[in-house]
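Trainee: Input: one structure, supplied below.
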Amino acid sequence: MALTDKRNSMASQVHIIGASGRSGTALARSMRLDGTPYVPVVRDSAKWAATALPGEPRIADLAETERLREALARPWDLPGWVDHRKKGATA
C-alpha cells in the first residue's frame, strides 16, 4: 500500500479507547461485522485477548500522555493490523 493510500485510509480508521471494556468490546464487534477497520486501545492486553476479537491492541492509559499519543499513531505500522474493509481479512 502506498503511503498516500495509507494516509487516506487513516481517515476511516477508528481507535477504540477502552476496547476491552463492555462498551468498547460491543463497539469493536459491531465495527468488525460492518467491515470498519479499528485499532483497539487498552490498558491490559490480556483482557483484550479474552474478547477473542482480531486486532493487535495498543497499550495506553489516559493518564500517560506519551503512551496514548503513540497508541493513536500510524495503525498500519502495527504487526497484525487488519483492514476489515477487505473481504476475507483476518488477524
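Trainee: How many percent of Cα pairs in the stretch 13-77 exceed 21 Å?
Mentor: When all Cα pairs of the stretch 13-77 are counted, 15 percent exceed 21 Å.
Trainee: Let me ask another. Can you list the residues, at least 5 places off or on another chain, whose amide H is less than 5 Å from the amide H of D61, using H built in the peptide plane?
Mentor: Result for D61 returns L68.
Trainee: Separate question: Could you run the Karplus curve 6.51 cos²θ - 1.76 cosθ + 1.60 with θ = phi - 60° over the stretch 17-29 and give me ³J(HN,Hα) per residue in whole Hz, x for Gly and Pro?
Mentor: Ordered by residue, 3J(HN,Hα) equals 7, x, 4, 8, x, 4, 5, x, 5, 4, 5, 4, 4 Hz.
Trainee: What are the ³J(HN,Hα) values, in whole Hz, obtained from phi via the Karplus relation 6.51 cos²θ - 1.76 cosθ + 1.60 with θ = phi - 60°, for each residue of the stretch 35-40 in sequence order, with x given for Gly and Pro?
Mentor: Running phi through 6.51 cos²θ - 1.76 cosθ + 1.60 with θ = phi - 60° gives x, 8, x, 8, 10, x Hz.
Trainee: Then there's this: Report, by chain and number, residues whose modeled amide H sits under 5 Å from the one on V39, excluding near sequence neighbours (fewer than 5 apart, same chain).
Mentor: When sequence neighbours closer than 5 places are left aside, the close amide H contacts are V14, H15, I16.
Any read-out appearing in this document is the output of simple, stated calculations on the displayed coordinates, not a laboratory observation. Values in this document were obtained by computation on a predicted structure and should not be read as measured data.
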